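Working notes for the structure below.
The values are calculated or read from the model by the stated rules, or taken from the named source; none is laboratory data. Everything numeric here is computed off the predicted structure, so don't read it as measured data. Backbone-built Cβ (ideal geometry, glycine too); neighbour counts: all protein chains shown. Accessible surface areas use protein heavy atoms only, side chains included; no ligands, DNA or RNA. Shrake-Rupley method; radii C 1.70, N 1.55, O 1.52, S 1.80 Å.
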Amino acid sequence: MRSPSQWLLLGVALAAIAARPTIAADLRDLYFGEALYQAYQGQYFDALERLDAELAQHRHLDEPELDSLQHHIRQADFSVGDFELRYRMHLRAGRAIRAVLEADVDQPVKNEAAFRLARIEFQKGQSEDALHALERIHGTVPEGIKDDIEFLRANVYLALGRPADAVEVLRRLQGTESLKGFAAYNLGIALLQADHTPDALRQLDKAGQIESREVSTAAIRDKSNMVLGSIMLQSADYGHAQQAFDRVRLEGPYSNRALLSTGWAEVSARDYEKALVPWGMLIGRDATDAAVQEAKLALPFAYSRLQLYGRAALLYGQALDSFGKELEKVDASVRSIRAGNFLKALVREEIKQDNLWIVRLRTLPDTPETFYLTDLMASNDFQAALQNYLDMEDLRRRLIAWQNGFDAFADLMRLRRANYTPLLPQVDARFRELDSQMRVRVEQRDHLQKRLQDLLTAPRPALLATTDERLALERLRQIEKTLGHSRGGNAALCARVQRLQGVLTWRLYTEYPERLTQAHEHLHELSQDVRMLQEQYTAFVRARQAAVHSYAGYDQSISRLRTRVGDARERVDTLLARQGHIIEAVAIDELRTRRERLEAYQVQARYAVADSYDRALKERAGGGTP
């Protein structure tokens, strides 16, 4: 188990490393861009779904180098691991990045993969494995991750109990703009762990005065001042402690603790009047905050030290009333949680649209169960459990949507079948008729092509005669035959017939090359027409198949997927109920702790109000003014 300080360092490290997301420059693949868009919206499940599909299609292409995703393939491989890590799929994320490490790629690519793997291992709490991954980095390192690598290395050293090594690394990062505040604070913590207390205090003081408008940097600056002030307060250096607490923003996340600590620093220095100022500001804030509740006891305590017992008694009485009301809120919160309202509030869609949704829960009038749970919900352990619950709730909703989608698909198949069933028989009958005609024409074309091919080796001019020429030659043969059977044939007519036959034969032989060339040209034109006809034929066949495939063969697939989704939904419902029970139990335990603290405050307030009234009465009886 990590200590609270280790959890804090882990959160600081991951926040700094993840502060700058990788953005694809010169984006050329639309679907990869869609996956990045989903990821930047925090929808990592949708991003993984899109990117997994795109990578699967890319890897099954015959020529993937021509695909637009090829321009981003390295970043896509890394993004899979990143998205899986953000979705807390640590095992799959590690496998994806290890595959890059083992591939035959350039060393800068391997270095980036090793850094991402180390980040995964560090977030999983496996610091030794994270250090081993970082040790695999050598040679050329991508410029954009150099500082992040060293910052992660320093935090790994801190997690492993090697603060001296962390100090050496963090000193080199002090001028890094992207890690402004984070590196300075972590250096102070590392110096503390290395027992270099004077240097640590100076470093924390420096980190507490960093100027920045960034929200994250301002928060870590406040944290630096809180740690420094607490150390100074324990060391009885009340002046420097107050200086540190005074630098904490009045509207920041540490403001209440800072005001409370400032008052105790003044009390420790026995300057009770100055303690009234921060505590007076604090008691007007949210009554459910632990620091505010403590201040409601601390403020009348300061008045009693100033011997203003009447004022102290009045404030103790107000504190007593406030604690009673808060105990009623705690009881109402417990009842509401047991009724299941807490989990319903956590999954409200309007809450998820705001990064400060935990704070917004307190502003909703119908969520009393969250009044005392802001600190709990902000803790790492609770956040991990809550995020698992939210993910399972999201999966449950998706599974329900998919189940409803199956009914829509089945209805779509029914409508398509009803549309195509009466049309296809007529289309098929007409298609068979046209198909037979096409086959005849194709056979004729092939026959002509074969005969023309034969004419190149064995010329036969008569085969290239026109229709008129063939009719004329046939008529001349018939005339010649008739004259040969007649008695006393006319020699002049026979000679004339032979002369005409000679003319036609001469024309056929002399024009044979030109006619053969024309025949090949016409055959080429015919082949183009036949090719176009075959393309139309193929398009029709595909359209016919697509029409049938648009509704046929889906029944078994839909039934199988329906069963799988149903089984998955049962498992998710079971896990969701278990996780919800754990969250409710943790929340109720937290409320019980707060109730015990409020009861203790109530007892103290009862005793203090009685004591203050006694002192006030005695002072009045003695002639003083309460």
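Of everything in the stretch 222-273, what is at positive phi and of a type outside the set (Lys, Arg)? Give them in sequence order. Break it down into steps so the answer makes sense when it comes.
First pass over the stretch 222-273, keeping only residues at positive phi: 236, 270.
Answer for the stretch 222-273, where residues must be at positive phi and of a type outside the set (Lys, Arg): just ALA236.
Looking at this structure, is ARG136 within 19 Å of ASP82 (Cβ to Cβ), open to solvent by 10 Å² or more (accessible area, probe 1.4 Å) and over 27 Å from the mean Cα position of the chain (by Cα)?
yes
Which residues, counting only those in the stretch 409-432, are assigned to a helix (DSSP H, G or I) and more than 21 Å from ILE558 (Cα to Cα)?
First pass over the stretch 409-432, keeping only residues assigned to a helix (DSSP H, G or I): 409-420, 424-432.
Of everything in the stretch 409-432, those that are assigned to a helix (DSSP H, G or I) and more than 21 Å from ILE558 (Cα to Cα) turn out to be LEU424, PRO425, GLN426, VAL427, ASP428, ALA429, ARG430, PHE431, ARG432.
Could you tell me how many of the residues in the stretch 424-443 are open to solvent by less than 90 Å² (accessible area, probe 1.4 Å) and not small (Gly, Ala, Ser)? Step through it out loud before you land on a result.
Our first condition is that a residue be open to solvent by less than 90 Å² (accessible area, probe 1.4 Å); within the stretch 424-443, this holds for 424-425, 427-429, 431, 433-436, 438, 440, 442.
Of the ones still in play, those that are also not small (Gly, Ala, Ser) are 424-425, 427-428, 431, 433-435, 438, 440, 442.
Residues that pass the stated criteria total 11.
So ALA608 ticks every box in (1) exposed (fewer than 12 other Cβ atoms within 10 Å of the Cβ); (2) among the small types (Gly, Ala, Ser); (3) part of a helix (DSSP H, G or I) but one. Which box is left unticked?
(1)
Given the condition in contact with a Leu (Cβ under 9 Å, 6 or more places away or on another chain), closer than 30 Å to ILE337 by Cβ and surrounded by fewer than 14 Cβ atoms within 10 Å (Cβ to Cβ), answer yes or no: does some residue in the stretch 577-587 qualify?
Checked the stretch 577-587: no residue is in contact with a Leu (Cβ under 9 Å, 6 or more places away or on another chain), closer than 30 Å to ILE337 by Cβ and surrounded by fewer than 14 Cβ atoms within 10 Å (Cβ to Cβ).
Pairs under 9 Å by beta carbon, first residue over 22 Å from LEU191 (Cβ atoms) and without any contact (Cβ under 8 Å) to a residue 40 or more places away in the chain in the stretch 135-163, partner among the β-branched types (Val, Ile, Thr) and not in a loop (DSSP other than H, G, I, E, B), six or more apart or different chains?
Sorted first by the residue in the stretch 135-163, then by its partner, the pairs are ILE137/ILE149; VAL141/ILE149; PRO142/VAL109.
When residues of the stretch 324-349 are filtered for being more than 19 Å from GLN579 (Cβ to Cβ), in contact (Cβ under 8 Å) with a residue 60 or more places away in the chain and open to solvent by 70 Å² or more (accessible area, probe 1.4 Å), how many remain?
0
Confirm whether THR466 is without any contact (Cβ under 8 Å) to a residue 12 or more places away in the chain, closer than 19 Å to TYR509 by Cβ and surrounded by 10 or more Cβ atoms within 10 Å (Cβ to Cβ).
yes
In the list LEU66, LEU131, which residue meets the criterion of being surrounded by fewer than 17 Cβ atoms within 10 Å (Cβ to Cβ) and either touching a Phe, Trp or Tyr at 6+ places or on another chain (Cβ under 8 Å) or not hydroxyl-bearing (Ser, Thr, Tyr) (or both)?
Going through LEU66, LEU131 in turn, just one is surrounded by fewer than 17 Cβ atoms within 10 Å (Cβ to Cβ) and either touching a Phe, Trp or Tyr at 6+ places or on another chain (Cβ under 8 Å) or not hydroxyl-bearing (Ser, Thr, Tyr) (or both): LEU66.
Search the stretch 585-611 for residues that are within 16 Å of ASP289 (Cα to Cα) and basic (Lys, Arg) and pair each with any residue that is part of a helix (DSSP H, G or I) and open to solvent by 30 Å² or more (accessible area, probe 1.4 Å) when their beta-carbon atoms are under 8 Å apart and the residues are at least 6 apart or on different chains.
ARG595/ASP331
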